[in-house]
Amino acid sequence: MAEVELGELKVSGGKFLIILPFIGSIAGLMWGGFEIYQRLLDAEEALEAYVSPDFSAYDESLSVLQTKITAAERVVDAIQEGLEQEVLQLSRDIDRLQLDIDVTETIAREADDTVASVTRELRDDVYALEERVNDSLREIDEELRTMRDELEDRIQRILDNPLNSDE
């Protein structure tokens, strides 16, 4: 086998085949470390050169927006308070109206009962009056019949009277 001699160091072919990949790995490791170091330097340089954007317009817009939101919240609170008062007033009005409706219904029921009672009394009075009128008419009719019978009897007696002859 071949031997390589480096100074006083003699390396045979088998050992050389083992050392060669080891040297390649060390060289690759060194190159990777250099690349990482270079990227860190580039990143540091980019960070030092970085200028933050001007967010003052955004801050100003946010401030104006916050002011508008605060004003809107105040308006909403005022509206809500007004609505609560309106609802409370409407509730009171509804309660008062319900009392008025109850009183009106009571008066209407009493009036209906009174009208029904008066109607019954009036009907009873009309029936009683009708009965009295019918009784009076019967009496008058009876008297008229009696008078007619008496008149017929008188006429018949006058006609039957021999002195009353036309001959």
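The values are calculated or read from the model by the stated rules, or taken from the named source; none is laboratory data. Please read these numbers as outputs of a predicted model, since none were measured by experiment. Glycine also receives a Cβ, built like all others from the backbone with ideal geometry; neighbour counts cover every protein chain displayed.
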(request) State whether one or more residues within the stretch 81-95 are modelled with pLDDT under 95 and in contact with a helix residue (DSSP H, G or I) (Cβ under 7 Å, 6 or more places away or on another chain). (result) no
(message) If a residue must be within 60 Å of the chain's Cα centre (by Cα) and not charged (D, E, K, R), how many such residues does the stretch 27-60 contain?
(response) 9
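Are any of the residues in the stretch 105-128 without any contact (Cβ under 8 Å) to a residue 12 or more places away in the chain and surrounded by fewer than 10 Cβ atoms within 10 Å (Cβ to Cβ)? Write out each step before concluding.
First, pick out the residues of the stretch 105-128 that are without any contact (Cβ under 8 Å) to a residue 12 or more places away in the chain: 105-128.
Next, only the ones that are surrounded by fewer than 10 Cβ atoms within 10 Å (Cβ to Cβ) stay: none.
No, the conditions are met nowhere in the stretch 105-128.
Do the conditions hold for Ser12, that is, is it touching a strand residue (DSSP E or B) at 6+ places or on another chain (Cβ under 8 Å) and either hydroxyl-bearing (Ser, Thr, Tyr) or modelled with pLDDT of 90 or more (or both)?
Criteria met by Ser12.
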